[in-house]
Structures are given as structure tokens and as C-alpha cells.
Amino acid sequence: MVTRSSGWLVCSGTTASRRSSLWSSIADVGGILVEDLAGQIGRPFDTAAKAKIDEGVRRAAYQIIEGKGATWYGIAGGLTRIIQSIRGNEDSVLTVSMVTENVDGVGPVAISLPRVLGRGGVVRSLWPKLREDERAALRRSAEVIKDAMGGRW
């Protein structure tokens, strides 16, 4: 069974309501691109299916609030996983934010990307292969964040 915790969907954006899902190369379940998996199990992966998944990701914080009363449980779980990776020197790939010198011509800017985490913190950043529309969405997000920070980096 494919469950919510079975896969990865990386998004770009400044808030849940203003983000874009990066489907082309980093939406996977068990290392298989979601689009390929859908074909293998005979499930649709059309605009409606993507919209349903997007809405679930977008509403995740609200579901945590409805179930537990606050989002700090989700934040605490994420921080715990980051600490485990660093403390255990795991070289795990996790999506974390840090100041990045250049994001498609914008920078420096703090943005979340897949990154390898080990004892020294971020060991390296990984740059997913994106379609042009996804690159544009990531660039727009970087510009919004940089503008909001007013050049403080």
C-alpha cells in the first residue's frame, strides 16, 4: 500500500498557499517517479490527480491543527529527523533551508532544497532536474524571499 509517508513531493514557494509542486524529477514513491508509479499500478496521474495531491500537501498543517491543536508537533518531528541525521552522521537527503548563494540567478537567498546532512550539517546541496515552468516557479520564490529580506544576507 502506498501511504502518505511513502513518498516525497518537493515544493517551491513562500507559504503553503503560494507554492508550486516540482513534479518532473523529485516527486517519488520508493525512488520511482510518481508518474511512472501511477502507470505501473494503473492509477491516473492527470491534472485532477495532481490537484488532489497538491491540496493534501497544502492542507497538511491544517490537518495537524485539527488533530492535535497546533503545528508544533509537525515541526518537532521534522527537527528531530534533522538532528538524528546530523548526530548520527547519516548523510541523509532531507529538504532543508539555508542561505544559498545562487538560485537560478537570484541570491544569496535562504531556500529549501534537497541537501545531504551529516555530522557537519549540510554536506552538499542537491539540484533537482526541473522543467522550465518549475525553474521559473523556484526563481520567483527565491525573488520573493530575497525581496522580503531586504538584502540582509
In whole Hz, the Karplus estimates of ³J(HN,Hα) for the range 115-131 (6.51, -1.76, 1.60; θ = phi - 60°; x where Gly or Pro) are 9, 8, 10, x, 3, x, x, 6, 7, 6, 9, 10, 10, x, 6, 10, 6
Amide H contacts under 5 Å for SER92, restricted to residues at least 5 apart in sequence or on another chain and with H modeled in the peptide plane, are LEU117
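Around PRO108, with a cut-off of 9 angstrom between Cβ atoms, what is the net charge of the other residues, counting Lys and Arg +1 and Asp and Glu -1? Walk me through the intermediate numbers first.
Numbers: positive: LYS146; negative: GLU101.
So the environment of PRO108 carries a net charge of 0.
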Residue separation between ALA136 and ARG81 times 0.36 nm, minus their alpha-carbon distance, gives in nm 16.8 nm
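Taken together, the values in this text are just the output of simple stated rules run on the coordinates, not laboratory data. Nothing here was measured: the structure is a model prediction, and the numbers come from that model. So basically every Cβ, Gly included, is an ideal-geometry build from the backbone, and we count neighbours across all protein chains shown.
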